[in-house]
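Contents: one structure, followed by commentary.
Values in this text are rule-based calculations from the coordinates and carry no lab data. Only a predicted model underlies this, so the values are computations on that prediction, with no experimental measurement involved. Here the Cβ positions follow ideal geometry from the backbone for every residue, glycine too, while neighbour counts run over all protein chains shown.
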Amino acid sequence: MALIDLFHIKKQYDVKLLLDDVDFHLNEGERVTIIGQNGCGKSTLMKIIIGSEEPTEGKRVIDKSVQIEMLQQHPKFEPGLSVRQAIENELTELKEAKKNYDEISSKLATDFDNTELLKEHEKLSNYIDHHNAWNLDDKVERVLQEFQLKEYEDRPAITLSGGEQRRVALAGLILKKPDVLLLDEPTNHLDVYMVEFLEDMLLKEKFTLLFISHDRHFIDTVATRVVEVDNQMLVSYNGGYMRYLEQKEARMKSMQKSHENLLRLLKQEEAWLAKGVRAREKRNQGRKKRVFELREEAKTNPTLIRKMMIELEREKKHFNREEGVSRKKMLFEIEHLHYSVPGKKLIEDFTTRILQKDKIAIVGINGAGKSTLLKLMLGRIKPDSGIIKQGDFSVGYFDQHREMLNDEKTLIETFCPDGGDRVEVQGKNMHVYGYLKSFLFPKEFLDKKVGVLSGGEKNRVALALLLTKKVDCLILDEPTNDLDIQTINILEEKLINFPGAILFVSHDRYFIDKIASKLFIFKGNGLVEESYQSYTEYLSIEKEIKELGDLEQETANFAAKKEEENPKVKKQTKLSYKQQQDFDKLPAQIEALEAKIDELNNCLQNPACYQEKGLTVISEELAEVEKEYEEKSDRYLEILEIYEELQENS
């Protein structure tokens, strides 16, 4: 069932056309991601759906009864509202429904034939079922824990950082479970464990979802369909991110084949047009017009095909690694590093070496000290104790605040501060426009000031600028934040081909798996581990270990609970008198019963025997003996298990 329908939507700002005659439909139970280059119209499409933007042309059809909610980039909370209250505020209707349901349930206990009450009871039950709102208090508690908000639950929500406020807003929305949930970059400001929890919630609770994300692992896990905004059009692909890549490649091959057919047709039509006289006849003007249209199509197609081919090739370079390179040059040597902030250990006794070609991802929970390690290595802060030895080499640093950029300078002034229009990139002299084009900047951006660019565009500029520097080591703090997937693919290609060492902090699992050959894992409370596994493999093993630990804990809790329920029962050190008596006597009794069973079975096979005693009598006696045999055997095995356990513990 379609919950949202858009027909023939066109959206234009002044001269900039974002969407041109597009249709979009979202069915119940679908989880659709919108992808595309920054500025292509993804967020605009979402705003048209929720009604905060009107299309220039076209029709939006949404039933008024459909509840649509959107996660805001900058949530607003009432000044006095605590974190817990801000989350529970979203659940007012659900809690009221549960309260009414309980009241009607009590009334039905005495008035069970009341038709009106039964109808209302069923309606409320279905509503609570749909939102899975039977145990909201437990869910609030869990989401506070999983989103690392528990320690702030009584603090005013407006006093939290921007990322923390988004987590509060997201927590309220996923517990509220509207009919359609719209999420714009939901994994920003979430560490990988929070993202896994979010994935789990969205899948288990069967959300109908429309979301924008650059997190390809998240897309692959959650999405049932990928919609790409490309050249003012929407192209739909079934499945997650990997299926999108497969289908896009198939589409590209189909376009190539169609283009070849087009060229053959155009060749024939050009030959006809060259004859001249027939083409000038009035009745052939339509055919002549078609030739010109074919020419334009033939010019456009190769550009589109080449663009798709480049994007797909970037993804295919997934784990290309330079083998056999000397890794002897040491850049950093870290010995027994310690660093704390008031009330919290961030790094405790960490020792490692970072070599010339290392590609290291620094991963772990939020607030564990990942960015702190980068600042220690850059010398921006001093360790409490320990040594960081640095060789003779140069470092390029990218941080989330883009401190290398000057908002007052244009792009050409930023890249060519001494004048001219050439830029040196990894030993290659390039025209600045040619270089910026590889970062998806059109020519008209050269004269734009940095200050007027969006956050994502500034990140692109900062990364492009960093990669023009002659450095031996890149240190990057959350480099993929605010970037679209196309730009991340470009960044990955540049980093894979970078000849020096790379250290980077990221929560983007797909990006980490592509770039990193080694992990520094911040586990909390100062513990930092090294691993050569892929991040996906590490997380998978960690999850299995956690599940096993949880199972063991449940078993221990169950045993402890049983002991609490029977506090007078002392720990057994030997068999009781009754157990010892049975243990001594039962083997002989069981043996005698086995002999009796054999005797009765033999009798049932001998006509002279069963005719003398009676078939029914023997069958009944055999059933009784077998029953006694089973009871005594079970009893003996039970005591034997206790006996063997006591022997092991003695």
Original post:
Going by how many other beta carbons lie within 10 Å of each one, how would you line up 414, 616, fewest first?
Top reply: 616, 414
Subject >> Per-q log10 I(q)/I(0), the chain, q = 0.05, 0.11 Å⁻¹ (Debye; single scatterer per alpha-carbon; no solvent) >> reply: -0.40, -1.22
Original post:
Within the chain, what percent of beta bridges assigned by DSSP are antiparallel, to the nearest 5?
Top reply: 55 percent
Subject >> Rel. contact order, % - alpha carbon contacts under 8 angstrom, at least six apart, the chain >> reply: 12 percent
**OP:** Subtract the Cα-Cα distance of residue 388 and residue 497 from 0.36 nm times their separation in residues, and report this length gain in nm to one decimal.
**Re:** 36.5 nm
**OP:** Report the trypsin sites (Lys or Arg not before Pro) located in the stretch 371-478 that are in a DSSP loop and have at most 11 other Cβ atoms inside 10 Å of their Cβ, or state none.
**Re:** 380, 470
**OP:** Please determine, in degrees from 0 to 90 and to the nearest 10, the orientation of helix 115-130 with respect to the longest principal axis defined by the Cα atoms of the chain, where the helix direction is its Cα long axis.
**Re:** 60 degrees
**OP:** Quick one: angle between helix 241-274 and the longest Cα principal axis of the chain, in degrees between 0 and 90, rounded to 10, please.
**Re:** 30 degrees
Original post:
What dipole magnitude, in Debye to the nearest 20, does the chain give about its Cα centre under +1 on Lys/Arg Cβ and -1 on Asp/Glu Cβ?
Top reply: 5140 debye
Original post:
How many nm is it between the label spots at residue 529 and residue 100, if each spot is 7 Å from the Cα in line with the beta carbon?
Top reply: 5.0 nm
Original post:
What is the mean projected area of the alpha carbon convex hull for the stretch 2-243, to one decimal in square nanometres?
Top reply: 15.1 nm²
**OP:** Determine by what factor the alpha-carbon radius of gyration of the stretch 113-258 differs from 2.2 N^0.38 Å, reporting the quotient.
**Re:** 1.35
**OP:** Only Cα pairs under 8 Å and at least 6 apart count here; give the relative contact order of the stretch 335-457 as a rounded whole percent.
**Re:** 20 percent
Original post:
What is the extension gain from residue 536 to residue 53, computed as 0.36 nm multiplied by their sequence separation minus the C-alpha to C-alpha distance, in nm to one decimal?
Top reply: 170.0 nm
**OP:** State the Cα centre-to-centre distance between the stretch 485-515 and the stretch 605-650 in whole Å.
**Re:** 70 Å
Subject >> Value of Rg to Rh for the stretch 577-649 (Rh from inverse mean 1/r over Cα pairs, i.e. Kirkwood) >> reply: 1.18
**OP:** Neighbouring Cβ atoms within 10 Å as the yardstick, rank 550, 20, 215, 421 fewest first.
**Re:** 550, 421, 20, 215
Original post:
Taking one equal scatterer on every alpha-carbon of the stretch 123-182, how large is log10 of I(q)/I(0) by Debye at q = 0.14 1/Å?
Top reply: -0.45
**OP:** Mind listing the lone cysteines of the chain, meaning no other Cys beta-carbon sits under 4.7 Å from theirs?
**Re:** 40, 416, 473
**OP:** Arrange the following residues from fewest to most other Cβ atoms within 10 Å of their Cβ: 128, 104.
**Re:** 128, 104
Original post:
Within the chain, which is the longest segment containing none of the chymotrypsin sites (Phe, Trp or Tyr not before Pro) that sit in a DSSP loop and have at most 11 other Cβ atoms within 10 Å?
Top reply: 320-531
**OP:** Extending each Cα 7 Å along its Cβ direction at residue 574 and residue 617, get the distance between those two points in nm, one decimal.
**Re:** 4.8 nm
Subject >> Fraction of alpha-carbon pairs over 19 Å apart in the stretch 393-546 - percent >> reply: 57 percent
Subject >> C-alpha long axis of helix 535-565 to longest principal axis of the chain, angle in ° >> reply: 30 degrees
**OP:** Calculate how large, on average over all directions, the projected area of the Cα convex hull of the stretch 56-166 is; give the answer in nm² to one decimal.
**Re:** 10.6 nm²
**OP:** Scan the chain and report its longest stretch carrying no GluC sites (Glu not before Pro) that are both in a DSSP loop and have at most 11 other Cβ atoms within 10 Å.
**Re:** 1-280
